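Peer 1: Below are the structure tokens for one structure; questions will follow.
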Amino acid sequence: MTTFEQSTTRNTLLRTVSPHIFARLSAEMERVALPLRFVLVEDGVAPSHIYFLEDGLASVVATSSDGEAIEVGHIGREGASGMHVMLAVPATPGRTFMQVEGSAIRVPLNVFTEAVVSDRETREFFLRYVHTTILQLAHSALANARYNVQERLARWLLMCHDRLDGDNLAVTHEFLALMLGVRRSGVTDHLHILEGRHAIRATRGNVRVLSRDTLLDIAGGCYGIPEREYEKVLGLPSRVR
């Protein structure tokens, strides 16, 4: 049986919670691989586990009644899947699945729920995280309504860069189209514009960040507020310019 040490976990939430919260969850923790397209939350189905990502990138996707889909949020090593359960909702519309393969520490839903219900500190900590995910969703709506495609693309690439190791982002054109809500055929043109600004280099299935500062300048006001709020409410040092 694997013994989990809080100081060596790569998930920011698990590394940041109080030691007694971590100890309570650790007895039922299991580290698992998350292949591409692995579903963490299925549409309308109560999850069996909460996944605390350590590597990789998951997409939170909203789908309309006629099948139109767009990504509304990311989860990486800063977060966890299935947080609708914190709001006493067992199942939710929409899906969360892996866009970049990785790994996670998972905890059975009943163990997580028992800890949340019985311990105020645990409950308040994860509610603060839920607050940051709602803010991320709100700013995605703001970006879609008020910012152009280049600014939104820069924002999403910065969000991916925050959650993945190194400067190589293993993202496909299909993923970028889903992120932006644009046709896949138009993604290449928008990437070429960012390449012309020397912000990135795009190849098949990969975007390499050459200048984070340039991406920040292009994204402007549509990036930064949710990131600062995450660091503020969870007591982490700010990394956002």
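Peer 1: Hey, any hits in segment 130-153 for a residue that's more than 29 Å from L176 (Cα to Cα) and modelled with pLDDT of 95 or more?
Peer 2: No, segment 130-153 has no match at all.
Peer 1: Looking only at segment 183-230, count every residue that is surrounded by 21 or more Cβ atoms within 10 Å (Cβ to Cβ), hydrophobic (A, V, I, L, M, F, W, C) and assigned to a loop (DSSP other than H, G, I, E, B) and tell me the total.
Peer 2: 1
Peer 1: When you scan segment 171-182, how many residues do you find that are farther than 11 Å from V149 by Cβ and surrounded by fewer than 17 Cβ atoms within 10 Å (Cβ to Cβ)?
Peer 2: Of the residues in that region, 1 qualify.
Peer 1: Hey, can you tell me all the residues within segment 154-174 that are part of a helix (DSSP H, G or I), modelled with pLDDT under 95 and more than 14 Å from the chain's Cα centre (by Cα)?
Peer 2: H173, E174
Peer 1: Which condition breaks for A177 when tested against (1) hydrophobic (A, V, I, L, M, F, W, C); (2) in contact with a Lys or Arg (Cβ under 8 Å, 6 or more places away or on another chain); (3) over 21 Å from V72 (Cα atoms)?
Peer 2: Against the list (1) hydrophobic (A, V, I, L, M, F, W, C); (2) in contact with a Lys or Arg (Cβ under 8 Å, 6 or more places away or on another chain); (3) over 21 Å from V72 (Cα atoms), A177 comes up short only on (3).
Peer 1: Could I ask something else about it? Can you confirm whether V72 is hydrophobic (A, V, I, L, M, F, W, C) and more than 15 Å from the chain's Cα centre (by Cα)?
Peer 2: In short, no.
Peer 1: Another one. Quick check on S59: is it at negative phi, in contact with a Leu (Cβ under 9 Å, 6 or more places away or on another chain) and buried (at least 18 other Cβ atoms within 10 Å of the Cβ)?
Peer 2: Criteria met by S59.
The values are calculated or read from the model by the stated rules, or taken from the named source; none is laboratory data. Bear in mind the structure is a predicted one, so any value in this text is a computation, not a measurement. No Cβ is skipped: glycine too gets one built from the backbone with ideal geometry, and neighbour counts run over all protein chains shown.
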